[in-house]
1. Hey, which of these cross-link pairs are over 24 Å Cα-Cα: 110/284; 127/240; 161/305; 110/255; 85/161; 240/284?
2. Kirkwood Rh over alpha-carbon pairs of the stretch 148-198, then Stokes-Einstein at 20 °C and 1.002 mPa s: what D in µm² s⁻¹, rounded to an integer?
3. Using a Förster distance of 30 angstrom, determine the FRET efficiency expected from the C-beta separation of residue 301 and residue 129, and round it to 0.05.
4. Could you work out the mean projected area of the convex hull around the alpha carbons of the chain, in square nanometres to one decimal?
5. At residue 316 and residue 189, where each label point lies 7 Å from the Cα along Cα→Cβ, what is the point-to-point distance in nanometres?
6. For the stretch 239-296, report the accessible area per residue in Å² (1.4 Å probe, heavy atoms, rounded to an integer).
7. So for the pair residue 292, residue 114, with labels modelled 7 Å out along Cα→Cβ, what separation do we get in nm?
8. Mind listing which trypsin sites (Lys or Arg not before Pro) in the stretch 65-151 are in a DSSP loop and have 14 or fewer other Cβ atoms within 10 Å?
Amino acid sequence: MVSLEPVVMKSHNPNFEARFMHPRYWKTWMWLALWRLITLLPYKVLLMLGKVIGLILHKLPTRRKHIACRNIQTCFPELDNKAQKLLLRANFISMGIALMEVGMAWWWPKSRLNPLIQLQGFEHLEKLSHRGVILLGIHYTTLEIGAAAITGMIEVDGMYKAHKNPVFEFVQLRGRLNHAVDGCRLYTHNDVRGTIKSLKSERVLWYLPDQDYGLSQGLFAPLFGIQAATVYATARLAAKTGAVVVPVNFIRLPKAEGYRISVNPPLENFPTGDDLEDATSINKIVEQFIRLQPDQYLWAHRRFKNRPEGEQDIYNLTTKTK
């Protein structure tokens, strides 16, 4: 189904509504105010606080911890048990830090955020000024920081899924457009018509195809040697609009040095017209990006939720996470 909701643009920030002050949303406002207040702390303090939060979450026997553990065990069978547990711990630290980074991306001014950003390869985008571009990324825990950095420099369209809480959705949209230059657009996640129009208009669309969205618009393709439900939209959008696919990654640097945003050369001979071959090519890029900094990937998502017929559900195994 194609969404009939209008796109949200930088020049049309969502407006405050009186209903947002209903008592049912007071708790949401309280937590958002506390979150914003915390982001006033120095960067190194935010990193330390995020690490503490991550370590606390790592100690809890949650469903998300089990999912992350099973993903790591599945994708890195070459690691021994100790190494897998260390990666899981590091991943939760990264997720805790990501909570701080979301607040930074939404509320920090450019004068505070930009000094932490290192850029590589943006000349690849400059050479494509007269073509539609699919900016191919993955779900790093640094996603919000990467989005703030890129949309603050060039007009980039993106896709998002609205939050059920209207107050959080209002703050989230305003935050994501905080650094964006005029002209950036956000499309609802199922607005296919809007994204096609964007690419045909020679715009840049940020697209993240690395999650399990089922098989209604995808197929199984290998990822870390495991069959993973993979959307074929990347290739089909490129074929339908003539857009070029440009991979981009964004990682957190050690020792509080900030973040590196790297734009890679555009893909050659893509798409091929073969859905499986094209999906496999995309998954190779996803795997390559994950291996750059595996602790910073969003392992808490059920990437292998759908399984080929006859295969056991990866996440319902009796493996215990400690």
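1. The answer is 110/284; 85/161.
2. 185
3. It comes out at approximately 0.30.
4. 17.3
5. 2.3
6. 45
7. Taking the simple label geometry, residue 292 and residue 114 are separated by 2.3 nm.
8. Taking the stretch 65-151 and a limit of 14 other Cβ atoms within 10 Å, the loop trypsin sites (Lys or Arg not before Pro) found are 127.
The values are calculated or read from the model by the stated rules, or taken from the named source; none is laboratory data. Since the structure is predicted, the reported quantities are computational estimates derived from the model, not experimental observations. Positions of Cβ are generated from backbone atoms using ideal geometry, with glycine treated the same way; all protein chains shown enter the neighbour counts. Heads up: the accessible areas ignore ligands, DNA and RNA and are worked out on the full protein's heavy atoms, side chains in. Shrake-Rupley method; radii C 1.70, N 1.55, O 1.52, S 1.80 Å.
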